[in-house]
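The values are calculated or read from the model by the stated rules, or taken from the named source; none is laboratory data. This is a predicted model, so every value here is computed, not measured. Counting neighbours? That spans all protein chains shown, and the Cβs are built from the backbone with ideal geometry, glycine included. Accessible surface areas use protein heavy atoms only, side chains included; no ligands, DNA or RNA. Shrake-Rupley method; radii C 1.70, N 1.55, O 1.52, S 1.80 Å.
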Amino acid sequence: QVQLVESGGGLVQPGESLRLSCVASGSIFRTYGMRWYRQAPGKQRDFVARIGSGGATNYADSVKGRFTISRDNAKNTVYLQMNSLKPEDTAVYYCNKDQPFWNWGLGTQVTVSS
């Protein structure tokens, strides 16, 4: 069973940056497209970014130009570099592969506040 472990969240001020990491254990990681999602309190889990097995990327409009997704297949890890953070980016961030999903991890909390 694949285990997803997200890390790198924290409390930052508007305009600052964070880099999230997600490690997937026990899988043929390199063959899957990988995604980041986020869920703010009281809201549904929303798509943030995707990176294909070949490296192609796409982003939600709300983060385009500020966030960058990348992957290191040797480390079974997907990253999310988040720049110019805004209060509306506050959420728990999760990673997963393209559907059908693996079991969700615990996520990592990102709080953007002055």
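Between Gln39, Gln99, Gln81, the GNM of the chain built on Cα springs shorter than 10 angstrom shows Gln99 fluctuating the most.
Can you tell me the FRET efficiency between Thr31 and Gln81 if r is taken as the Cβ-Cβ distance and R0 is 22 Å, rounded to the nearest 0.05? Approximately 0.40, to the nearest 0.05. Measuring nothing but how far apart in sequence close Cα pairs (under 8 Å, 6+ apart) lie, relative to its length, the chain scores a relative contact order of 38 percent. In this structure Arg71 has an accessible area near 50 Å², from a 1.4 Å probe over the protein heavy atoms. Give the percent of DSSP beta bridges with both residues in the chain that are antiparallel, rounded to the nearest 5. Antiparallel bridges make up about 90 percent of those DSSP assigns within the chain. Residues in the chain average 52 Å² of solvent-accessible surface per residue, probe 1.4 Å, ligands and nucleic acids excluded. This model, with +1 at the C-beta of Lys and Arg and -1 at the C-beta of Asp and Glu, gives the chain a dipole about its Cα centre of some 200 debye.
Of the accessible area of the chain, computed with a 1.4 Å probe over protein heavy atoms only, carbon and sulfur atoms account for 47 percent. Placing pseudo-labels 7 Å out from each Cα toward the beta carbon at Arg66 and Gln44 gives an inter-label distance of 2.2 nm. Calculated on the alpha-carbon coordinates, the convex hull of segment 1-82 measures out at 107 cubic angstrom per residue. For the pair Ser113 and Thr57, a Förster radius of 25 Å applied to the C-beta separation gives a FRET efficiency near 0.35, rounded to the nearest 0.05. Here r is the Cβ-Cβ distance between Trp104 and Glu16 and R0 is 41 Å; the resulting FRET efficiency, rounded to 0.05, is 0.95. Ignoring lysines fewer than eight residues from Lys43 along the same chain, the ones with Cα atoms less than 29 angstrom from its Cα are Lys64, Lys86, Lys97.
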